[in-house]
1. Determine ³J(HN,Hα), in whole Hz, for all residues of region 80-91 in sequence, where each value follows from phi through the Karplus function 6.51 cos²θ - 1.76 cosθ + 1.60 and θ = phi - 60°; x replaces Gly and Pro.
2. What is region 125-224 by shape, rounded, prolate or oblate, if you read a ≥ b ≥ c off the alpha carbon gyration tensor as root eigenvalues and call it rounded for a/c under 1.5, prolate for a/b larger than b/c, and oblate otherwise?
3. Tell me, what is the 1.4 Å probe accessible area of residue 90, in Å² to the nearest 10?
4. Starting from the Cα gyration tensor of region 153-312, take the square roots of the eigenvalues, sort them a ≥ b ≥ c, and report rounded, prolate or oblate (rounded when a/c is under 1.5, otherwise prolate if a/b is larger than b/c, else oblate).
5. Between residue 212 and residue 82, what is the FRET efficiency for a Förster distance of 45 Å, r being their Cβ-Cβ separation, to the nearest 0.05?
6. For residue 153, enumerate residues with amide H under 5 Å from its amide H, sequence gap 5+ or separate chain, H modeled in the peptide plane.
7. Gain in length, residue 296 to residue 204, computed as 0.36 nm per residue apart minus the alpha-carbon separation, to one decimal in nm?
8. Nearest 0.05, what FRET efficiency do residue 239 and residue 101 give at R0 = 25 Å with Cβ-Cβ as r?
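The values are calculated or read from the model by the stated rules, or taken from the named source; none is laboratory data. Bear in mind that the values here come from a model prediction, so they are computed numbers and not experimental data. Heads up, the Cβs are rebuilt from the backbone with ideal geometry, glycines too, and the neighbour counts pull from every protein chain shown. Heads up: the accessible areas ignore ligands, DNA and RNA and are worked out on the full protein's heavy atoms, side chains in. Shrake-Rupley method; radii C 1.70, N 1.55, O 1.52, S 1.80 Å.
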Amino acid sequence: MIGLPQNVQVFFATIAGCLLAAGVGYSLSSHPNEATKLTNSGSSEKTDQRQSNSNVVPTAPAVVLPTAKGPRPHYLAAKWDKIHFKPAIDKATNAQCLVCHHEIVTHKVRKQSPAGLKTTQALAWYQTLDTYKGEQVTFHDRHLSSPFAKKVMNLKCNFCHQGHDPREEASFSSATSKELGDFTMRKSVNPEKSCLMCHGSFPAESMGLEGSWAEMREGFEDEETQNGCLMCHQETFRTVRHQVNYLNAKVIEDLAKKGTSDVCIGCHGGRAWYRTSYPYPRHAWPDMPEEIPEWATTRPTESAPEHRLVTK
Ligand code: HEC
Ligand code: HEC
Ligand code: HEC
Ligand code: HEC
Ligand code: HEC
């Protein structure tokens, strides 16, 4: 730290010491109610008063206890808990995250917006699909507990949260910052590996189609055929799909047959936050033409290994 006065340098070193000690010394117990002994490494003992006062910090129980009383985990230690980082985050269960973040599943939306619009009167364009049900709820609820979400998917906290950088949420900003890939600048998730899968635009080009589904669906749907997607996707194209641990493949197909194309479009363009679509893997399907279309030559032929149901 060239150019800084000595006392400022000491200050920085002390802060770094605290964070390091918190990060290394504390880990969430996988056994309910077990007290974890802090193994502070030498230098931090003097600098971190809060930890030297008591050497044993009881961790939160590793089960969902909405009303859990008992001692709260030490704030800094919890913030730098191993569970927020790879590799521990890959194994984390929802219940473990919810020990400290229970508000994620109990939060309610406001009764009205700051400008006075009542929640009961609000309806966004992406909430007009047939599958959208119920009152306004939070983002997390829409992905974890809404009636449609519970039927078609099975998202875990760590599907989206792959570890973030509690320091400043920016990659390469410090020696300890995380590499690009798990999360994106100033976000705690990587949208390209999560949101884009279900909120990309309708991949018309891959289908040799042109325009939006809203314009073309008329051509594929009538009184009897409510789901035009299935005209081509029931038997002819890409019939091997959704074989991943975070989707309920069978339920999706059942709902799609009973319902309208909104079931399918909901994740493939009907709630598009992006102009691009996700480069889906292209699984071989029965009677698949041998020739690979130009756009598909770079596509994987299987889902990401961590999500596959069947390992070959
Ligand atoms: C031992 C308690 C504890 C556990 C377990 C825990 N967290 Fe945290 N988490 C915290 C604390 C404390 C912070 C810092 C909050 C702050 O600074 O406002 C934090 C921050 C976060 C943030 C960033 C919030 C923000 O606004 O920047 C995310 C996202 C997060 N945790 C997700 C998770 C996920 C996902 C899991 C499970 C894999 C998890 N946490 C497990 C205590 C915990
Ligand atoms: C569909 C993807 C997704 C899932 C599943 C998900 N989250 Fe989040 N979470 C997000 C996004 C996106 C944000 C906002 C991130 C940002 O601001 O960078 C967020 C924010 C948070 C925050 C920060 C506090 C806040 O309210 O903004 C915490 C803590 C958190 N999530 C915990 C969890 C926990 C615990 C679970 C599992 C029970 C979970 N999340 C499941 C995507 C998800
Ligand atoms: C596996 C598919 C999937 C992934 C991944 C996913 N979503 Fe969603 N998202 C859905 C579905 C399905 C709904 C509609 C749920 C319903 O109708 O109850 C939805 C709804 C939404 C809504 C509308 C909420 C409302 O109140 O109507 C927003 C905003 C949203 N998602 C943002 C995101 C973001 C941001 C991410 C990435 C962090 C993400 N989604 C990841 C499937 C997904
Ligand atoms: C006219 C026939 C047709 C209709 C109707 C149709 N598709 Fe497709 N779809 C295709 C073809 C052809 C492909 C590409 C097959 C291949 O990989 O060679 C495809 C590919 C896809 C892909 C993968 C795209 C990629 O880039 O990997 C998705 C997702 C998809 N369709 C969803 C839908 C949805 C959702 C609907 C209804 C809203 C729909 N399709 C309607 C013919 C159709
Ligand atoms: C809850 C969200 C969701 C719904 C509903 C949904 N999909 Fe998908 N779809 C996805 C995701 C995520 C993937 C990527 C899965 C993977 O990586 O293997 C995918 C992949 C696909 C693919 C690529 C298949 C391949 O080769 O692997 C096609 C085609 C497709 N979906 C069509 C449809 C059709 C048709 C429907 C309605 C019957 C539908 N989807 C309903 C989320 C959804």
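1. These are the phi-based 3J(HN,Hα) values: 9, 4, 3, 4, 7, 10, 6, x, 4, 5, 5, 9 Hz.
2. On the way: a/c = 3.30, a/b = 1.75, b/c = 1.89.
The shape class here is oblate.
3. Answer for residue 90: close to 80 Å² accessible.
4. Working: a/c = 2.00, a/b = 1.81, b/c = 1.10.
In terms of gyration-tensor shape, prolate.
5. On the way: r = 46 Å, r/R0 = 1.02.
E between residue 212 and residue 82, to the nearest 0.05, is 0.50.
6. Hits under the 5 Å cutoff: 248.
7. On the way: separation 92, 0.36 × 92 = 33.12 nm, distance 1.36 nm.
Result for the pair: 31.8 nm of gain on full extension.
8. Working: r = 39 Å, r/R0 = 1.56.
According to the calculation, E is roughly 0.05.
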